[in-house]
1. Looking at the stretch 109-128, is at least one residue more than 26 Å from Tyr191 (Cα to Cα), at pLDDT below 95 and open to solvent by less than 20 Å² (accessible area, probe 1.4 Å)?
2. Could you tell me which numbered condition Val230 fails, if it satisfies all but one of (1) under 26 Å from Ile90 (Cα atoms); (2) open to solvent by less than 40 Å² (accessible area, probe 1.4 Å); (3) of a type outside the set (Ser, Thr, Tyr)?
3. Restricting to the stretch 53-111, name every residue that is hydroxyl-bearing (Ser, Thr, Tyr) and either under 13 Å from the mean Cα position of the chain (by Cα) or more than 22 Å from Leu136 (Cα to Cα) (or both).
4. Quickly run through the stretch 192-227 and pick out the residues that are within 24 Å of Phe88 (Cα to Cα) and open to solvent by 90 Å² or more (accessible area, probe 1.4 Å).
5. Residues of the stretch 1-32 being modelled with pLDDT under 95, more than 24 Å from Val183 (Cβ to Cβ) and either part of a helix (DSSP H, G or I) or open to solvent by less than 50 Å² (accessible area, probe 1.4 Å) (or both), which ones?
6. Would you mind finding the one in Leu91, Leu96, Leu63 that is hydrophobic (A, V, I, L, M, F, W, C), modelled with pLDDT of 95 or more, open to solvent by 30 Å² or more (accessible area, probe 1.4 Å) and closer than 27 Å to Ile187 by Cα?
7. Looking at the stretch 187-217, which of its residues are of a type in the set (Val, Ile, Thr) and touching a Gly at 6+ places or on another chain (Cβ under 9 Å)?
8. In the stretch 57-82, what residues are under 22 Å from Val27 (Cα atoms) and of a type in the set (Asp, Glu)?
Amino acid sequence: MSTEMYKLQTRYFDLDFIRGIAIVFMVVFHFCFDLNNFHFIDINIYHGAFWHYFRYIIVSLFLLCVGVSLYLVNESGYNFTKDLKRFFLILANAMLVSAASYFTFPHSFIYFGILHFIAFASLFALAFVKFPKIALLAGITIIVLSYNNTLHMHWLYNILQMPLHLPKHPEDLVPFTPWFGVVLVGIFIGYKKLFIFNTVQNYFTKKVSFLGKHSLLIYMLHQPVLFGTVFSMHEILK
């Protein structure tokens, strides 16, 4: 099946499926976080190696999909109207996350989490959409230098924390390095169509793909539902 026909018939089924897997992992992570927060379980979710790398997998899947989607939207020419609409939609939801987290965790509220990052990274990454090979090289360079701690943005957050009274240890923080590098790698993956695996479409994969199609809505709703449910259980059982 040609790429064009595959896209027409399935809205890039594989891309939605990958994003759906990230959604499932995210829900599992946050459910465990909530259970730990209310002492139903005892896990080291902040510093434990498993949870550390599990979060890395989740964020990486989301951001690779961001890069792929960014390339696909602008593949035939920059679609600035759609890009700006997407930016303001994601930014508005990011502000809601900040507000909700401030009331829930006032001393560690989220001021630059995954949605904040996606909003701004999507704008900056537009400069690389027409140069996917350069995006790959720049992305790998950013990731490697960040891994070696040669490139980091701790200084920026340190500067902002004092005058803005930002928490030193927010519940979620997605710095530009190394994560912007992951978005850039995603642009190259979109260019080469490496995300197309011809995934078998059955009951399970279609349900996961459905989650991927509605990832933003699920992201915004899942934690209030999970947190509220676990909180209610805690209040009933205490």
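1. Of the stretch 109-128, the ones more than 26 Å from Tyr191 (Cα to Cα) are 109-113.
Now restrict to residues that are at pLDDT below 95: 109-113.
If we keep only those that are open to solvent by less than 20 Å² (accessible area, probe 1.4 Å) as well, we get 113.
The answer is yes; a qualifying residue exists.
2. Condition (1) is where Val230 drops out.
3. Let us first name the residues in the stretch 53-111 that are hydroxyl-bearing (Ser, Thr, Tyr), namely 53, 56, 60, 69, 71, 76, 78, 81, 98, 101-102, 104, 108, 111.
Tyr53, Tyr56, Ser60, Ser69, Thr81, Ser98, Ser101, Tyr102, Thr104, Ser108, Tyr111 - these are the residues of the stretch 53-111 that are hydroxyl-bearing (Ser, Thr, Tyr) and either under 13 Å from the mean Cα position of the chain (by Cα) or more than 22 Å from Leu136 (Cα to Cα) (or both).
4. Residues of the stretch 192-227 within 24 Å of Phe88 (Cα to Cα): 210-224.
If the condition is that a residue be within 24 Å of Phe88 (Cα to Cα) and open to solvent by 90 Å² or more (accessible area, probe 1.4 Å), then Phe210, Lys213, Leu217, Leu221 are the ones that fit.
5. Glu4, Met5, Leu8, Gln9
6. Working: Leu96 fails: closer than 27 Å to Ile187 by Cα; Leu63 fails: open to solvent by 30 Å² or more (accessible area, probe 1.4 Å).
Unique residue meeting the criteria: Leu91.
7. Going through the stretch 187-217, the residues of a type in the set (Val, Ile, Thr) turn out to be 187, 189, 196, 199-200, 205, 208.
If the condition is that a residue be of a type in the set (Val, Ile, Thr) and touching a Gly at 6+ places or on another chain (Cβ under 9 Å), then Ile187, Ile189, Thr205, Val208 are the ones that fit.
8. Scanning the stretch 57-82 gives no hits.
The values are calculated or read from the model by the stated rules, or taken from the named source; none is laboratory data. No experiment lies behind these values; they were computed from the predicted model shown. Note that we place each Cβ from the backbone using ideal geometry, even for glycine, and neighbour counts take in every protein chain shown. For the accessible areas, the whole protein counts, side chains as well, though only heavy atoms, and no ligand, DNA or RNA atoms are used. Shrake-Rupley method; radii C 1.70, N 1.55, O 1.52, S 1.80 Å.
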